[in-house]
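The structure appears below as structure tokens.
The values are calculated or read from the model by the stated rules, or taken from the named source; none is laboratory data. Since this is a predicted model, take the numbers as computed values, not measurements. Neighbour counts run over all protein chains shown; Cβ positions are idealised from the backbone, glycine included.
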Amino acid sequence: MRQLRELIADEVLMALQQIGDVNPESTFSNITTPRHSSQGDLALPCFSLAKTLKKSPQEIASLLVESVSEKLTKLVGVSKVSNEGGFCNFFVDPEWLASQTIKPTLENLESIGHFRPPSSLLIEHTSANPNGPFHVGRSRNAILGDTFVRMHRLAGDDVRAEYYVDDMGKQVGILAWALDNLDEEKVTEILDAAEMNEPSSYPHKEDHRRVRFYQAANLLLNEEGSNVEAGVTELVQASEEADEYTLEKFENAYQPVLDGMLETLRRLGIEFDSFTKESKFIIDGTVDVIMSQLQDSELHGEADNGAHFLELEERGVQGKSTKFYFRRGDGSSLYATRDIAYHQWKWSEANRLLNILGEDHKLQSKQVGIALDELEIKNPEVVFYAFTKMPGGKMSTRRGNVVYMDDLLDEAAERATEVVREIRNDLSDEELTAIGEAVGISAVRFNIIRVSPEKGINFRWEDALSFESDSAPFIMYSHARACSIGRRLEEEGHNLNSLLSKDYNWSELSESAASLVKRIATFSEELDNSIVSQRPNQFCSYLLSLATDYNRFYRDNHVIDGDRVNCRNLALSEAARILISAGCTGLGIIAIDSM
């Protein structure tokens with residue numbers, strides 16, 4: 001489709017230049033995909049050309065049809081050119097498109113999704129405080145971040161997935177203090193009194209066990225006359241001075257929790273290539289250098305208590321947060337200062353940086369960005385996402401009003417297993433459990449990434465576990481349906497590769513087959529558009545459309561008709577299966593072979 005768009009753009013540009021002076025670069029970018037198939041497969045809206053060419057959009061479209069129609073329809077690729085309402089519409093010849101698309105899809109599996117030259121990038125995501133189990137509120141960062149990793153890899157990029165470990169902040173300090181000063185009996189007593197002692201489904205996992213200590217310490221923190229604040233402050237200050245004993249204490253406290261969190265993420269198909277500790281930049285002296293350099297900035301100021309800051313009002317920061325503090329009065333650094341050092345280091349590791357951050361980090365991200373500018377360090381790309389909320393408000397590990405991902409995934413798998421059991425009573429319990437796990441996890445992931453990042457999600461069980469036609473299970477079923485064709489052919493003694501290697505006549509395609517060909521032809525471009533716009537939800541919509549078109553094709557076009565195999569339909573079915581599978585990989589959906 002891109003090849004065809006380029007060919008059309010060249011012809012349209014020559015025709016437009018006969019009418020008046022037109023910007024060549026805008027022609028290709030203005031060719032769009034119409035909303036309705038009756039308006040063609042590609043279209044050029046002529047409204048923006050009206051002022052330049054001093055003609056109405058309708059007149060321009062009509063002149064274009066007269067000028068390019070005969071030439072384009074004689075060339076392969078375009079079957080018709082028409083104009084309607086100020087649009088010049090181009091209809092693609094499905095026979096030409098199939099000949100250009102299906103064979104390459106079957107023969108070049110390693111290049112599926114590739115649309116542009118590859119790039120190298122480091123994507124940092126999740127980086128949650130290791131103070132308790134993964135809950136639904138935290139999951140959007142992890143699932144979004146992993147989806148960006150997957151989509152970039154599908155597009156051919158060299159991607160490193162990075163987890164930034166907060167190993168020295170207040171949250172870890174609270175956990176370390178609690179483990180030193182509380183026991184199970186005291187924790188139970190505190191939580192019982194606060195009516196927060198809910199039984200855990202995973203008492204054997206350290207993230208579930210230790211979060212109770214963290215919650216109990218937070219309750220004590222708010223009690224009048226408590227010594228918790230002083231104890232935690234002492235620990236955090238020691239960690240910020242790179243005290244070896246304290247950092248080791250913190251690691252002993254958080255590492256079992258982090259291990260439990262990562263176990264949950266692995267169940268979701270989320271893995272990391274590297275882990276970098278926040279303390280690294282204290283220990284190696286980078287933070288001291290950063291603070292010294294920031295003090296040389298023209299934005300530098302010093303507070304009465306000796307703290308150092310950058311005054312950012314003239315750089316567009318308004319309100320009460322115009323001062324960006326990077327050094328305390330006692331000489332220690334802040335989290336944001338160490339974040340600057342971390343970004344400087346990341347640029348030594350990759351050519352592109354992408355951060356996945358919650359919308360509550362917008363101000364700090366802007367402040368850090370200005371500080372990076374002052375140090376002549378390039379800013380990263382950032383995707384901000386809105387929060388997932390419970391009916392009662394924002395989730396909080398500290399307050400205990402959360403749904404843990406371990407429990408959600410168990411529930412999802414159980415519900416999915418029961419749905420599959422109702423339609424497949426021929427499967428063993430082991431097979432049902434495996435399918436239920438795959439379907440449940442895929443449904444949870446899909447229902448998060450199908451929503452545009454900037455839109456909030458109100459968590460509801462019925463949405464998280466949806467099995468409707470616009471869901472992950474629908475896509476998975478379409479893939480399994482395509483797999484069943486190849487499986488049946490092999491069971492009947494056919495050689496699938498031999499059948500697929502034949503030459504096909506693509507003429508007289510049915511309407512549903514032509515629609516599937518057109519959908520297949522836009523796979524790489526749709527993936528790239530989703531990556532460039534930083535909206536995985538767009539690729540979700542595309543994959544749903546591909547699955548829908550495949551099911552219509554399956555309904556109308558037989559691959560196996562008695563003893564006869566229609567090799568052309570087989571090739572089209574197999575190409576769709578390959579792309580659905582690749583798309584599932586790109587979104588973290590588990591493309592199982594049977595449902």
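Structure above, values below:
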{"read-out": "Sole residue being surrounded by fewer than 15 Cβ atoms within 10 Å (Cβ to Cβ), at pLDDT 95 or above, out of contact with any Lys or Arg (no Cβ under 6 Å at 6 or more places or on another chain) and not in a strand (DSSP E or B), chosen from Asp373, Asp360", "value": "Asp373"}
{"read-out": "Helices (runs of 4 or more DSSP H) contained entirely in segment 439-558, each with at least 2 residues that are under 20 Å from Met1 (Cβ atoms)", "value": "511-521, 523-533, 536-556"}
{"read-out": "Residue under evaluation Met291, criteria (1) in a helix (DSSP H, G or I); (2) at positive phi, criterion not met", "value": "(2)"}
{"read-out": "Test: residue in segment 55-66 that is modelled with pLDDT under 90, loosely packed, with under 15 Cβ neighbours inside 10 Å, over 29 Å from Trp506 (Cα atoms) and outside the structural domain of Ser512 (by TED's automatic domain parsing)", "value": "no"}
{"read-out": "Residue match in segment 158-169 (condition: part of a helix (DSSP H, G or I) and among the small types (Gly, Ala, Ser))", "value": "no"}
{"read-out": "Selection from segment 416-438 of residues that are assigned to a helix (DSSP H, G or I) and of a type in the set (Lys, Arg)", "value": "Arg421"}
{"read-out": "Residues within segment 492-518 that are touching a Leu at 6+ places or on another chain (Cβ under 8 Å) and surrounded by 21 or more Cβ atoms within 10 Å (Cβ to Cβ), tallied", "value": "3"}
{"read-out": "Top-ranked residue in segment 101-134 [being assigned to a helix (DSSP H, G or I) and buried (at least 17 other Cβ atoms within 10 Å of the Cβ); ranked as nearest to the chain's Cα centre (by Cα)]", "value": "Thr105"}
{"read-out": "Extreme residue, surrounded by the most Cβ atoms within 10 Å (Cβ to Cβ), among residues of segment 207-232 that are assigned to a helix (DSSP H, G or I) and without any contact (Cβ under 8 Å) to a residue 12 or more places away in the chain", "value": "Arg209"}
{"read-out": "Residue check, Thr322 farther than 21 Å from Glu278 by Cα and of a type in the set (S, T, N, Q)", "value": "yes"}
{"read-out": "Residue within segment 189-199 that is crowded, with 20+ Cβ neighbours inside 10 Å and touching a residue at least 24 places away in the same chain (Cβ under 8 Å) present", "value": "yes"}
{"read-out": "Pairs with Cβ under 8 Å, 6+ apart, first in segment 348-370 and in contact (Cβ under 8 Å) with a residue 40 or more places away in the chain and on the phi < 0 side of the Ramachandran plot, second among the aromatic types (Phe, Trp, Tyr) and assigned to a helix (DSSP H, G or I)", "value": "Leu354/Phe148; Ile356/Phe148"}
{"read-out": "Extreme residue, farthest from Asp167 (Cα to Cα), among residues of segment 338-350 that are in contact with an Asp or Glu (Cβ under 9 Å, 6 or more places away or on another chain) and not in a helix (DSSP H, G or I)", "value": "Ala350"}
{"read-out": "Qualifying residue in segment 75-86 (condition: surrounded by fewer than 22 Cβ atoms within 10 Å (Cβ to Cβ), assigned to a helix (DSSP H, G or I) and outside the structural domain of Asp549 (by TED's automatic domain parsing))", "value": "no"}
{"read-out": "Inter-residue pairs, beta-carbon under 8 Å, first more than 10 Å from Arg568 (Cβ to Cβ) and in segment 492-514, second in a loop (DSSP other than H, G, I, E, B), 6+ apart", "value": "Ser510/Asn557; Ser512/Asn557"}
{"read-out": "Number of positions in segment 450-488 that are of a type in the set (S, T, N, Q) and modelled with pLDDT of 95 or more", "value": "3"}
{"read-out": "Options Lys205, Lys186: the member that is over 39 Å from the mean Cα position of the chain (by Cα) and modelled with pLDDT of 95 or more", "value": "Lys186"}
{"read-out": "Qualifying residue in segment 30-45 (condition: farther than 12 Å from Cys88 by Cα, small (Gly, Ala, Ser), modelled with pLDDT of 90 or more and surrounded by fewer than 19 Cβ atoms within 10 Å (Cβ to Cβ))", "value": "no"}
{"read-out": "The listed residue being over 34 Å from the mean Cα position of the chain (by Cα), touching a residue at least 40 places away in the same chain (Cβ under 8 Å), over 23 Å from Leu121 (Cα atoms) and surrounded by fewer than 19 Cβ atoms within 10 Å (Cβ to Cβ), out of Asp304, Asp330, Asp296, Asp259", "value": "Asp330"}
{"read-out": "Counted residues, segment 555-586 - those being surrounded by fewer than 18 Cβ atoms within 10 Å (Cβ to Cβ), modelled with pLDDT of 95 or more and of a type in the set (Asp, Glu)", "value": "1"}
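One line per residue, one yes/no per condition, for (1) within 16 Å of His152 (Cβ to Cβ); (2) hydroxyl-bearing (Ser, Thr, Tyr); (3) touching a residue at least 24 places away in the same chain (Cβ under 8 Å):
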| site | (1), (2), (3) |
| --- | --- |
| Ser530 | yes, yes, yes |
| Phe539 | yes, no, yes |
| Leu546 | no, no, yes |
| Asp561 | no, no, no |
| Ala571 | no, no, yes |
| Ile580 | no, no, yes |
| Thr585 | yes, yes, yes |
| Ala591 | no, no, yes |
